[in-house]
1. Taking the Cα centre of each part, how many Å lie between region 209-269 and region 376-432?
2. Restricting to Cα pairs below 8 Å that are 6+ residues apart, what does the relative contact order work out to for region 163-268? Please round to a whole percent.
3. How tilted is helix 91-107 with respect to the longest principal axis of the chain? Cα atoms for both, answer in degrees (0 to 90, nearest 10).
4. About its Cα centre, how strong a charge dipole does region 364-432 have in debye, to the nearest 20, once Lys and Arg get +1 and Asp and Glu get -1 at the Cβ?
5. At 7 Å along the Cα-to-beta-carbon direction for both residue 429 and residue 44, put a label point, then send me their distance in nm to one decimal.
6. Need the full-extension length gain, residue 115 to residue 36, defined as separation in residues times 0.36 nm minus the C-alpha distance. One decimal, nm.
7. With point charges of +1 on the Cβ of Lys and Arg and -1 on the Cβ of Asp and Glu, referenced to the Cα centre of the chain, which listed residue (409, 122, 61) lies farthest in the positive direction of the dipole?
8. Could you check which residue among 183, 288, 394 shows the biggest mean-square fluctuation in a GNM of the chain with a 10 Å Cα cutoff?
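The values are calculated or read from the model by the stated rules, or taken from the named source; none is laboratory data. Just so it is clear, the model here is predicted, and its values are computed rather than measured. Note that each Cβ is placed from the backbone with ideal geometry, even for glycine, and that neighbours are counted across all protein chains shown. Note: areas computed on protein heavy atoms with side chains; ligands, DNA, RNA excluded. Shrake-Rupley method; radii C 1.70, N 1.55, O 1.52, S 1.80 Å.
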Amino acid sequence: MREQELLLYRNLDEAGLLRDMAWLMEHYGDAYYNKEDRTALLYDCMHRLLELAGSHGFYGNLWHCYLSNLLANHENSYSMACEVVGSVEGTINEAALHDFAILKEFYDYDFGKVAAALQADGLSLLFDYRIGARRSRVYNTRIRDRICELAEKFARAATAAEMKDTMTAFYKEYGVGKFGLHKAFRIEHTAQGAQIRPIRNIAHVRLDDLVGYEIPKKKLVDNTEAFVSGRAANNCLLFGDAGTGKSSCIKAIANAYYHRGLRIIELYKHQFQDLNDIIAQVKNRNYKFIIYMDDLSFEDFEIEYKYLKAVIEGGLEKKPDNVLIYATSNRRHLVRERFSDKADRDDDLHTSDTVQEKLSLVSRFGVTIYFGSPDKKAFQNIVRVLAQRSGIVKPEAELLAEANKWELSHGGMSGRCAQQFIDYLAGKKAEG
C-alpha cells in the first residue's frame, strides 16, 4: 500500500491504525513474519475499529467510516481552500487527485483474503455494523450521519476523481476539522500555547425554550443574524439578574446558527492572556466566531479588564470581521465601583478619570441587553409553559401555589427557579 506517497494528506493517522492496516494488507501472507503476530495485529485493529464505533456512533462499514473520518478532520491546504470556495483549480487540485487515487485503494481493498489467510473469525462484522440508539460521544447526530453517508458514497465512487469531488462537496458544506464538525469550544493552555478544544456535549437549548424575554432575545438574534450574514455587527453584553436566561440565550444562539457557520469559543477571565493567540488561530477560517465570556465581572483590584479593553477595541490591529465577543454578567458596568471612587477625600487627584477608566470597558460593547427578573405574573406564565412542555398534569391553582412557595426558598422569581421547580415535579412524577 502507498500511504507513504500521500502529498497533502500526510500524517493522516495519529493513532496508527491506518499504518497497521496497510502493513497487514501487504504482509498478511508473508511467511517471514510469525503468523501469530500477524493475527494478533489484525485482531488489535479490529478492536480499535469497534471502539471507534462505540465512541463515534459509526455504523455500516467501519473501515470506510474510519477513513472518511480521517479525511473529514484533516486540515491541509486543499481541504481548507475547499471549505472557503468549494472546488479549486491549479496544481493543488492535481495533488489532491494524486492522493485520492491512493486513498481509493484503501477503500476498495478486499479483506476476504486477509481473513482467509489468517483464519480470522468476525472480520465480516466490521463491514456491516449495526448499532441501537446510534449515539455518539464525539459528534452530534447530524454530523455523525453525514460521515457515515460519506463513507457509503466513497464506496460507490467509480473513480478517484469522483471520490475527490464528493469530498470537496463535503468540505464546502460542513467545513473541515474541529471547526467544521463541532459547534462549541473551550481553551486549554499548554506548553505550546493556547489550544482550542471541542466541547463534545453542548446543551440542546433552543431560543423557543426560553419563555418570555422576547425583546432581549430579538436584540441578540438581530445582532447575530447580521454577523453571520456578513453585515456589520457589535460585541454584545447580556447583563441583569441571576437566573434570567443570559447564558442559555448564548447556548441557544450556538445551536440556532451552527448550520450557518457560527462557532462559539468559551473563554474565562484567567485566560485573557491567550485572547490574541486565539483570534490569530481563527481569523482566516471560513466561519464566524463568537468568543463567549460567561459571568464576566471584575473586582476593583483586578486589572485584567484593561487588557480586555485593548483587545476588544483599541489596539493597533483591527479585530477580524469573523470574530465578535459576547459576554454575560450580573453587573451592568462589569468593574466593581465604590463610593470612594467619587469622593473628594479620595487620594486620587482625578477621581472622574478613575470612574471613566472603570466604565470604559462596558462602552466597548456596542449592544447591551438587559435581562431582569420576572414579576409574579410573568413568573407564573413561565411555570405554566414549562409544566405543559414537561407533561406535568396538575390543577393550575395548585401548580402556581406550589411554584410560589418554591421560589420563596429557592432564590426568588426567575426562569432558572421555574425550571428547577418543574424538574422537581418531573422527578416526583417519575418516582411515582
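1. Centre-to-centre (Cα) distance: 26 Å.
2. 35
3. So the helix axis and the longest Cα principal axis differ by about 70 degrees.
4. The dipole magnitude comes to about 200 debye.
5. Distance between the two pseudo-spin positions: 5.2 nm.
6. Net length gain for the segment: 27.1 nm.
7. Ranked along the dipole, the leading option is 409.
8. 394
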